[in-house]
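Here's the structure we're looking at; comments come further down.
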Amino acid sequence: MSNTYVYKTTQDCELKGNLFPANEKTAPLIVFIHGGGLIFGTRDDMNKEQIKRYNDAGFHVFSIDYRLAPETKLPEIKKDIEDALQWLQDPNHLALDYDPQKIAVIGSSAGGYLALLSGTLQVKPKAIVSFYGYGNILADWYKRPSAHFNTMTTVPEALAKQLIQSKEIAEGPIASRFAIYLYCRQQGKWLDYVTGTPSPYSASEWEAYCPALQADHSFPTTLLFHGDADDDVPYEESVAMQQALEKAGVQSKLITVPKAKHSYDENMDDPQARESIEQTIAFLKETL
């Protein structure tokens, strides 16, 4: 059973979060950020079995929406995550008695990227868990056509643009929005659409949105999961993020999941997925 809260209101939409409380009101709080290339997805995407396991282990779970690209550009998406963490500094908003200094942020894929980005904000979580996220939006894999996605049906630019809404949205169904993401990956235009800046890019302008380039000693304790057979977000992205954290002196760990593809953890019948969640719970109990 969940309760839905509005953590922020913009001109065009309400940004919501679903709260799944643990039995103990003073339990630590997990903030979950969904994936979808920043283009599609919703707070309802969080795996229900994972929610149950986190609750049973003694953690509240708060799964949030954020405004989606390309209707909303990356700086404002970052601001949504920042505002959510700021809003959660007051436990009264959720009628809970958790410690706001002991919040963990978990995200998958683009949500993993936003989770890592939260480590660069003024209001930081205590711990971060990134499932097959990335720390550098300026890397070539996002700026060049993807061989993997180009094995799929080609999406014409006209269709991608037709699917873009005339106002901000914070909940985007995969059925239609995936075509926008697919076009971006097939053409190497994800950064163009998400930032609103056409190539060639000014690297200095967007380095602030790259956690791997911004990590310093104040970055939260971090756990990274990544399958070494990921055909969407390259495994090397988490390797590079781990190296950046080590260089900054941040307590962190990369767990490589052998032969795992993108979104491997969504199948909780898979022993690797179950093990990853148990490892996450152990990490959070030790850190929080």
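Taking a ≥ b ≥ c as the square roots of the Cα gyration tensor eigenvalues, with a/c under 1.5 meaning rounded and otherwise prolate when a/b beats b/c, else oblate, which class fits the range 198-245? Can you show the working numbers first?
Details: a/c = 3.15, a/b = 1.16, b/c = 2.70.
Because a/c hits 1.5 or more and a/b fails to exceed b/c, the range 198-245 counts as oblate.
In Å, the Kirkwood hydrodynamic radius of the range 185-288 over pairs of distinct alpha carbons? When all Cα pairs of the range 185-288 are included, the Kirkwood radius is 15.7 Å. Reported value for the range 88-204: 146 Å³ per residue, from the convex hull of its C-alpha atoms. Taking the Cα atoms of the chain, the ratio Rg/Rh between the radius of gyration and the Kirkwood radius comes to 0.94.
Backbone geometry of the range 233-250 corresponds, through the Karplus equation with coefficients 6.51, -1.76 and 1.60 at θ = phi - 60°, to 3J(HN,Hα) couplings of 8, x, 3, 4, 5, 6, 4, 5, 5, 4, 4, 5, 5, 4, 4, 7, x, 8 Hz, x marking Gly and Pro.
Residues Cys210, Cys13, Cys184, arranged from fewest to most other Cβ atoms within 10 angstrom of their Cβ, appear as Cys13, Cys210, Cys184. Phi-derived couplings, Karplus 6.51 cos²θ - 1.76 cosθ + 1.60 at θ = phi - 60°, listed residue by residue for the range 273-288: 5, 4, 5, 5, 5, 5, 5, 5, 4, 4, 4, 5, 5, 6, 7, 8 Hz, with x used for Gly and Pro.
Measuring spread by the Cα atoms of the range 111-171 yields a radius of gyration and Dmax of 16.0, 43 Å. Between amide H atoms placed 1.01 Å from N, distances below 5 Å from Val61 occur with Phe20, Ala22, Ile30, all of them 5 or more places distant or on a separate chain. In order along the range 163-171, phi translates into HN-Hα couplings of 7, 6, 7, 8, 9, 4, 9, 10, 9 Hz, rounded to whole numbers, per the Karplus curve 6.51 cos²θ - 1.76 cosθ + 1.60 with θ = phi - 60° and x for Gly and Pro.
Taking only the Cα atoms of the range 1-75, the ratio Rg/Rh comes out at 1.02, with Rh defined as the Kirkwood radius.
The calculated P(r) of the range 29-110, using every Cα pair and 5 Å bins from 0, goes 3, 14, 24, 24, 19, 12, 4, 0 in percent. In percent, rounded to a whole number, the relative contact order of the chain is 19, using alpha-carbon pairs under 8 Å and six or more apart.
What's the longest uninterrupted piece of the chain once you rule out the trypsin sites (Lys or Arg not before Pro) that are loop residues per DSSP with at most 14 other Cβ within 10 Å?
Working: sites that count: Lys25, Lys167, Lys259, Lys261.
Here the longest run is 26-166.
A P(r) calculated from all alpha carbon pairs of the range 47-90, with 10 Å bins opening at zero, reads 24, 34, 33, 8 percent.
Bear in mind these aren't lab numbers, they're just calculated from the coordinates by the rules spelled out. As the structure is a prediction and not an experimental result, all values here were calculated from the model. Here Cβ is always computed from backbone atoms with ideal geometry, including for glycine, and neighbour counts include all displayed protein chains.
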